[in-house]
1. So if I check each of 30, 57, which one is modelled with pLDDT of 85 or more and either under 11 Å from the mean Cα position of the chain (by Cα) or surrounded by 11 or more Cβ atoms within 10 Å (Cβ to Cβ) (or both)?
2. Against the conditions (1) surrounded by 12 or more Cβ atoms within 10 Å (Cβ to Cβ); (2) modelled with pLDDT of 85 or more, where does residue 1 fall short? Just the number, please.
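The values are calculated or read from the model by the stated rules, or taken from the named source; none is laboratory data. The structure displayed is predicted, hence computed values, not measured ones. All Cβ positions, glycine included, derive from the backbone under ideal geometry; neighbour counts span all protein chains shown.
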Amino acid sequence: MAENQATSTFSNLLKNPGEIANILQNPGKYGLDVYKSMSNQNKQYLVFAAGIGLIIYGITLRKKAM
């Protein structure tokens, strides 16, 4: 999987849906392998998107509580 690629990108994940299925089945092993094989720029994009997702999730929960 990601061991034979020097760097993984988001487009590689979209081109190979089997890799996404592996990540969803075992995120601890495959997800971390893919994350480690990404370039620093792609890691920053991923962390930024996760942060935005958490902010939106928090806003949604707050609206439901009111």
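1. 30
2. Of everything listed in (1) surrounded by 12 or more Cβ atoms within 10 Å (Cβ to Cβ); (2) modelled with pLDDT of 85 or more, residue 1 misses just condition (2).
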